[in-house]
Amino acid sequence: MPELSELRREIDRIDGEVFRLFSERAGVAEQVAAYKREHDMRVFDPARERAKVADAAERAPRDLATYAQVLMELLMEASRARQHALLADAADDGTLALVERARAETPELFPRSAHVSCQGVEGAYSQIAAERIFRRPSISYAATFDGVFRAVEQGAADYGVIPVENSTAGSVNQVFDLMMEHSFYVVRTTRVKVDHNLLALPGAELSGIREIFSHEQAINQCAEFLSGLPDVRVRVCENTAAAAKGVAESGRRDVAALSSLPCAGLYGLEVLSADVQDRDNNYTRFACISKSLEVYPGADRTSLMIVLPHEPGALYKLLAKFYALDINLLKLESRPIPERDFEFMFYFDIECPVAAPEFSSLLATLSPLCQEFRYLGSYAEVI
């Protein structure tokens, strides 16, 4: 039996040969790219790739067939990416050209003031987020998240601010579902610390409260506190600030709202219990959306919506691309597509500077893997 050191030297020798052949293969791929340019051919040839993957399984020992297929798929992916780069071939839908045009046309500085649409009423967390993103926003309020999307689409507002996820309660599913229905781009994101307080009219006491109003997310984030009030009925409303306003206008001292501390002063309420959320590290992430694409300097995050083919390995192939390009995946969310049984839209947030060559390579090679592909914007996050 050879010594371990000898076996490792043999593996190193084989690896050296593998990488020599890999470089040789890349050189031939360049010639293939030149031929395709001369004959006006597409880089992606699905029939050719299927045949190569099947052949890899046939050539390998039976117990290594699956690994051989994975290896061949990675080789084909590397070859395809190389050919795209050499041909400067953008994605089929023109996304890369769209991004480059937006980068050239977007001002260097993010606007300090703008007309912004938020869901809810005065004091909503969306308002707090808007004031963090813009120094002097002129804010109008929509009754629903759909109203915010429509205000931006129809030009009634320059921007909209919507919550997308919470660190304890997860994604705001209603917003993600609306993303499929509306046309928009993300231009900024921010995180807002969420501290829920039980607010009521002056003179009210906790023992006398019979109903508590708030948004569904806030109710979920305060589940432990609410479980200690078994005789209290919890009611869902459209917004935490709207809950506070409703309690103030009710004139009743047996109702309360889970809302932000600023809403207490805003609506003349008192704090019965402070910081009642289950966890102190409770943050909500908000997205600022616009009608047209704006890509500001420093953009290092990108959001994508993708429908994948309903076939084995489709998601794996996409994730392998992120891995191959060393692009960090920040979020992966799936939502069912309405009126399409058992089909899902995948939402990706990735971390990669928009000026990086890996970003261009990603956009130039995504379409062949996707049944549907939609670019939602590149942006920076305001902390």
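The values are calculated or read from the model by the stated rules, or taken from the named source; none is laboratory data. Please read all numbers here as calculations on a predicted model, not as lab measurements. As a convention, Cβ positions derive from the backbone with ideal geometry for all residues, glycine included, and neighbour counts pool all protein chains shown. These area figures cover heavy atoms from the full protein model, side chains too; ligands, DNA and RNA do not enter into them. Shrake-Rupley method; radii C 1.70, N 1.55, O 1.52, S 1.80 Å.
Put the Cα centre of region 288-305 next to the Cα centre of region 53-87 and the gap is 34 Å.
Which residues does a label at Asp300 reach in region 332-364, if reach means a backbone N under 17 Å from a point 7 Å past the Cα toward the Cβ? Correct set: 349-360.
Two decimals is fine: what is log10 I(q)/I(0) at q = 0.18, 0.19, 0.26 Å⁻¹ for region 1-54, from a Debye sum with one equal scatterer on every Cα and no solvent? Values returned for q = 0.18, 0.19, 0.26 Å⁻¹ are -0.76, -0.79, -1.01. Under 5 Å between amide H atoms, partner at least 5 residues away or on a different chain: which partners does Cys237 have, H built in plane at 1.01 Å? Those qualifying (amide H under 5 Å, at least 5 residues apart or on another chain) are Ser214, His215, Glu216.
Which of Ala47, Ala65, Ala97 ends up with the largest GNM mean-square fluctuation for the chain, with Cα atoms connected below 10 Å? Ranking Ala47, Ala65, Ala97 by mean-square fluctuation puts Ala47 first. Straightening the chain between Val32 and Arg112 buys 23.8 nm, computed as 0.36 nm per residue apart minus the Cα-Cα spacing.
Straightening the chain between Leu64 and Lys331 buys 92.9 nm, computed as 0.36 nm per residue apart minus the Cα-Cα spacing. The Cα atoms of region 220-341 give a gyration tensor whose axes a ≥ b ≥ c have a/c of 1.5 or more with a/b greater than b/c, which makes the shape prolate. For Ile383 and Asp275, a Förster radius of 22 Å and the Cβ-Cβ distance give a FRET efficiency of 0.55, rounded to the nearest 0.05.
The listed residues Ile289, Ile219, Ile383, once ranked by accessible area (1.4 Å probe) with the largest placed first, stand as Ile383, Ile219, Ile289. When the chain is treated as a GNM with alpha-carbon contacts under 10 Å, the residue of Leu330, Leu258, Leu199 showing the greatest mean-square fluctuation is Leu330.
What shape does region 164-288 take by its C-alpha gyration tensor, where a ≥ b ≥ c are the square roots of the eigenvalues and a/c under 1.5 counts as rounded, a/b above b/c as prolate, and the rest as oblate? Cα axes put region 164-288 in the prolate bin.
The Cα atoms of region 42-152 define a convex hull whose projected area, averaged across directions, is 12.4 nm².
Between Asn281, Asn220, Asn166, the residue with the greatest mean-square fluctuation in the GNM of the chain (Cα pairs under 10 Å linked by springs) is Asn281. What separates the Cα centres of region 116-152 and region 158-211 is a distance of 11 Å. For the chain, the dipole from Cβ point charges (+1 on Lys and Arg, -1 on Asp and Glu) about the Cα centre works out to 520 debye, to the nearest 20. Taking all protein chains together and rolling a 1.4 Å probe, Thr284 ends up with roughly 20 Å² accessible.
Among the listed pairs Lys36/Lys321; Lys193/Lys245; Lys291/Lys331; Lys193/Lys321; Lys193/Lys331, those whose Cα-Cα separation exceeds 29 Å are Lys193/Lys321. Take region 97-249 with all the other protein chains still there, run a 1.4 Å probe, and you get 44 Å² of accessible area per residue. Determine which aspartates and glutamates satisfy two conditions relative to Lys52: a Cα distance under 15 Å, and not lying fewer than 8 residues away in the same chain. Within the straight-line limit of under 15 Å, Lys52 reaches these aspartates and glutamates: Glu73, Glu77. The GluC sites (Glu not before Pro) of region 98-199 that meet both conditions, a loop assignment by DSSP and at most 11 other Cβ atoms within 10 Å of the site Cβ, are Glu108, Glu181. If you bin all the Cα-Cα distances of the chain at 20 Å, starting from zero, the percentages per bin are 24, 44, 24, 8, 0. Take the Cβ atoms of Asp40 and Glu358, set R0 to 25 Å, and the FRET efficiency comes out at 0.35. Computed over Cα pairs, the Kirkwood radius of region 75-208 leads via Stokes-Einstein (1.306 mPa s, 10 °C) to a diffusion coefficient of 87 µm² per second. Close amide H contacts of Leu376 (hydrogens built in the peptide plane, cut-off under 5 Å, sequence separation of 5 or more or a different chain): Ser303, Leu304, Met305.
Accessible surface of region 1-92, 1.4 Å probe: 56 percent of it comes from carbon and sulfur atoms. Between Val175, Leu369, Ile383, the Cα set farthest toward the positive side of the dipole of the chain (charges on each charged residue's Cβ, about the Cα centre) is that of Ile383.
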